[in-house]
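First the structure, in the form of structure tokens, and then the observations on it.
The values are calculated or read from the model by the stated rules, or taken from the named source; none is laboratory data. All values derive from a computational prediction rather than experimental measurement. We place every Cβ from the backbone using ideal geometry, glycine too, and count neighbours over all the protein chains shown. Note: areas computed on protein heavy atoms with side chains; ligands, DNA, RNA excluded. Shrake-Rupley method; radii C 1.70, N 1.55, O 1.52, S 1.80 Å.
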Amino acid sequence: MKVHFSDEQFSFQYLRILGTCAVGGADIGECLMTAARIREADFESWHAEWRRTAEQVEGYAREAGASRVSAGEAYMRAFSYYRASEFFLHGDPADPRIVETWGKSRTCFREALALLDIEHEVVAIPYDGTAMPGYFFPAGGEGRPTAVLTTGFDGTAEELYLDYGISALKRGYNVLAFEGPGQGAVIREQGLAFRPDWETVMTPAVDWLLARPEVDQGRVALIGASMGGYLAPRAAACDHRIAALVANGGVFDADYTKLTVMAGDVIETLHTDPGAFDAAVREVMKTDPAIRWAFQHGMYVYGAASPHEWLLMSQAYTLEGMAGEIACPTLVIEAGNERSFPGRARLLYNALACEKEWMPFPAAEGIEEHCGTGGTMRRNQRIFDWLDRVLGAGEEGG
């Protein structure tokens with residue numbers, strides 16, 4: 001699905017923003033005017049124009065005066081636009097605009113929650129001598145089913161609220177959205193990079209969650225989005241307190257040496273001559289925005305010093321020998337136009353020994369892009385209808 005931009009990565013990221021219009025994260029007119037100003041495949045132009053729109057919409061919030069609704073809605077859109085503005089900045093991890101722009105995004109999100117009277121807690125989950133940031137959104141009352149949301153390679157806890165949290169809350173689920181190493185505030189403020197053994201990340205989050213009276217300990221669902229489709233299954237394989245698992249999309253391994261652009265001779269060079277591999281990759285990065293972003297961001301969130309180092313680190317991210325340990329009912333999703341992890345969902349599904357369901361996302365439903373991006377309402381209808389049946393939750397199960 002190509003949207004406005006010819007470049008595949010710009011088109012997808014634009015669709016990612018447009019998809020939040022359904023839940024108040026963006027407005028069509030603001031998106032159209034911004035896209036019209038952006039120069040194709042130009043990372044600096046993308047940053048400048050989304051930031052310009054974010055500042056404009058944040059201004060609407062300040063101008064709203066006593067109207068909490070107007071201000072809150074504007075802050076929520078400004079959050080999305082600041083998030084988008086920061087997206088392509090990771091070529092230089094020391095660039096001060098990364099933390100500044102992302103920080104503005106988080107601030108606007110929290111202003112929106114407060115002004116719109118959305119019940120929530122900003123949480124800090126104890127983890128390995130530090131804390132993981134996130135949000136707990138109670139559905140109301142005690143003993144409710146709970147959706148734990150984990151993002152992937154490039155998402156944030158705030159974005160998870162728009163993508164899945166609102167839909168979950170409407171159905172009576174508590175929501176915990178948090179960030180672990182390599183994600184959101186944890187990489188930007190604490191400098192903690194990704195780790196493959198995500199069970200060490202998820203277990204303290206589940207410990208923290210199950211201590212709360214709002215949570216039915218037997219109905220905790222885990223939803224992993226994008227690379228979270230590897231992280232969440234990895235955690236569920238080790239923590240059988242998870243009652244249901246959604247992998248959107250499914251990722252048997254997040255081994256980036258298997259990127260579709262990696263031909264056999266390229267992979268051989270990766271292992272035999274890392275310096276030549278790095279030089280070749282950096283040449284491609286000059287003309288291919290998708291490759292440029294993937295390697296820049298990958299090095300940033302994995303703490304890698306070079307392209308070859310990032311790829312070699314990624315080979316540890318596998319469910320080989322572990323997928324069969326997942327005990328809970330599991331939904332494995334594959335989008336019809338899956339480009340980030342092609343074929344990995346079927347590998348995960350085939351490796352499962354638990355109760356499982358295969359769910360394709362087709363073009364005919366407008367959800368064929370990675371994770372069903374752009375089709376927020378239809379995607380979440382399908383996911384949460386499945387969860388409601390498995391957990392006896394939602395409108396009928398309570």
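Per residue, the accessible area of the chain comes to 37 Å², computed with a 1.4 Å probe over protein heavy atoms only. Here the chain is assigned +1 on the Cβ of each Lys and Arg and -1 on the Cβ of each Asp and Glu. Its dipole about the Cα centre then comes out at about 540 debye. Annotation: amide H-H contacts under 5 Å for Val215 (H modelled 1.01 Å from N, sequence separation of 5 or more, or interchain): Gly143, Arg144. With the helix formula -39500 (n - 2.57) applied to DSSP H stretches of n ≥ 4, the chain reaches a computed 222 nm mean residue ellipticity of -14500 deg cm²/dmol. Here the label points at His4 and Trp358, each 7 Å from Cα along the C-beta direction, are separated by 3.7 nm in the simple model. Close amide H contacts of Leu192 (hydrogens built in the peptide plane, cut-off under 5 Å, sequence separation of 5 or more or a different chain): Gly182, Ile187. Between Arg282 and Ala124, the simple spin-label model (points 7 angstrom out along Cα→Cβ) gives 4.0 nm. The heavy atoms of Lys2 present about 150 square angstrom of accessible area, all protein chains included, probe 1.4 Å. Amide hydrogen proximity for Tyr127: with H placed 1.01 Å from N in the peptide plane, the residues at 5 or more positions away or on another chain lying under 5 Å are Met132. Taking every alpha-carbon pair under 8 Å whose residues sit at least 6 apart, the chain reaches a relative contact order of 14 percent. Using the Cβ-Cβ distance between Thr200 and His240 with R0 = 22 Å, the FRET efficiency computed as 1/(1 + (r/R0)^6) comes to roughly 0.90.
Counting only protein heavy atoms and a 1.4 Å probe, tell me what percentage of the chain's accessible area is made up of carbon and sulfur.
Numbers: 7300 of 14550 Å².
Carbon and sulfur atoms account for 50 percent of the accessible area of the chain.
Projected onto its three principal axes, the C-alpha set of the chain covers 59, 55, 47 Å, listed from the longest axis down. Taking the square roots of 5 times each eigenvalue of the Cα gyration tensor of segment 70-140, largest first, gives ellipsoid semi-axes of 24, 20, 7 Å. What is the distance in Å between the Cα centroid of segment 23-61 and that of segment 73-96? If we compute the Cα centre of each part, the gap is 10 Å.
What FRET efficiency comes out for the pair Met322/Ala66, r = Cβ-Cβ distance, R0 = 41 Å, nearest 0.05? Mind dumping the intermediate values first?
Values: r = 54 Å, r/R0 = 1.33.
Calculated transfer efficiency: 0.15.
Please find the FRET efficiency linking Glu44 to Glu142, where r is the Cβ-Cβ separation and R0 is fixed at 51 Å, and quote it to the nearest 0.05. Let's see the in-between values first.
Working: r = 50 Å, r/R0 = 0.99.
Here the calculated transfer efficiency is 0.50.
With θ taken as phi - 60° and the Karplus curve 6.51 cos²θ - 1.76 cosθ + 1.60 applied, the whole-hertz 3J(HN,Hα) list for segment 281-297 is 4, 5, 5, 4, 4, 5, 10, 10, x, 5, 5, 4, 5, 4, 6, 4, 5 Hz, x standing for glycine and proline. Take each peptide in 335-345, 275-285, count the other Cβ atoms within 10 Å of every residue, and average; sorted highest first, the result is 335-345, 275-285. Computed 3J(HN,Hα) for segment 226-234, one whole-Hz value per residue from the Karplus formula 6.51 cos²θ - 1.76 cosθ + 1.60 where θ = phi - 60°, is 6, 4, x, x, 9, 4, 5, x, 4, glycine and proline marked x.
Hey, how many Å between the Cα centroid of segment 273-327 and the Cα centroid of segment 348-398? Comparing the Cα centres of segment 273-327 and segment 348-398, I get a distance of 29 Å. Taking θ as phi - 60° and the Karplus parameters 6.51, -1.76 and 1.60, the scalar couplings of segment 194-202 work out to 3, 9, x, 7, 5, 4, 6, 8, 6 Hz in sequence order, x denoting glycine and proline.
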